[in-house]
Amino acid sequence: MNRQQKEAAVGYLAYEFEAAEAVYAVDYRGLTVAQISELRSRLLENETSLKVVKNSVTKLAAAKADVSTIDEHLAGPTALAFVRGDAAASAKILNGFVKESGDILELKGGLLNGKPLTSADVVSIAKLPSRETLVQQLVTLIAQPISGTARTLNAILAAVPVQLQKIADEGLIGGNAPAAEAPAAEAAPAAEADTTEAAAPADATETEAEAPADATAEAAPADAASDTDSKE
């Protein structure tokens, strides 16, 4: 690798460090070419690329990306898994392959959002639920109150026809409804009677008021005669 190629490789790896959500370092010594190819294929399904680069080039790239803490894992043959997908899912793939290979593949450590990880940290991440599982759990939690509300509304709507039928059976609506208007009809004559009785005193008052007026008129001649006799 000449100087120009080395600079290009450093720049490319530095970009990978910056773009990755997580970086896992593994010791691949003892794995066959077929095993490495199988591991690479599984990781690609989770947007994770497995790269084998000289440690010297990797250290220069790590320094350029300001993640030099990865240097402690760059002893001996090392492959780096650059994760752009689900960090937990890729850790599961690597940890599972460790068991499949009979512990030939070794987890060294790595980075998560730029923070250093030990091999034990990678194993712990592998035990976490995947992003897909967490999303499903969140959707379930959100849907539970909605489904409960829907069931309540359905129960209320189902009860309405039953209550209406019960009211109809008791005669409160339907064919027997006019019976409820009878008291109002019976009250009408009473109201008319009260009106007639109330009118009677009014006529009587008018009659009584006219009577004194006539009496005054009849008394007038008597007063006039009295005045005539006194003058004579």
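The values are calculated or read from the model by the stated rules, or taken from the named source; none is laboratory data. Everything numeric in this text was worked out from a predicted model, so none of it was measured. When we count neighbours, we look across all protein chains shown, and the Cβ atoms used for this are built from the backbone with ideal geometry, even at glycine.
Looking only at the stretch 53-80, which residues are assigned to a loop (DSSP other than H, G, I, E, B) and surrounded by 15 or more Cβ atoms within 10 Å (Cβ to Cβ)?
Val53, Ala65, Val67, Leu74, Thr78
Which members of the stretch 45-74 meet the condition of being more than 19 Å from Lys115 (Cα to Cα) and of a type in the set (A, V, I, L, M)?
Leu50, Val52, Val53, Val57
Among Leu43, Leu50, which is modelled with pLDDT of 95 or more, surrounded by 14 or more Cβ atoms within 10 Å (Cβ to Cβ) and in a helix (DSSP H, G or I)?
Leu43
Which pairs have Cβ atoms under 6 Å, sit 6 or more apart or on different chains, and link a residue in the stretch 35-51 that is assigned by TED's automatic domain parsing to the domain that holds Phe97 to one that is of a type outside the set (Asp, Glu) and surrounded by fewer than 16 Cβ atoms within 10 Å (Cβ to Cβ)?
Glu47/Arg84
Of all the residues that make up the stretch 94-110, how many are assigned to a helix (DSSP H, G or I) and crowded, with 23+ Cβ neighbours inside 10 Å?
Matching residues across the stretch 94-110 total 1.
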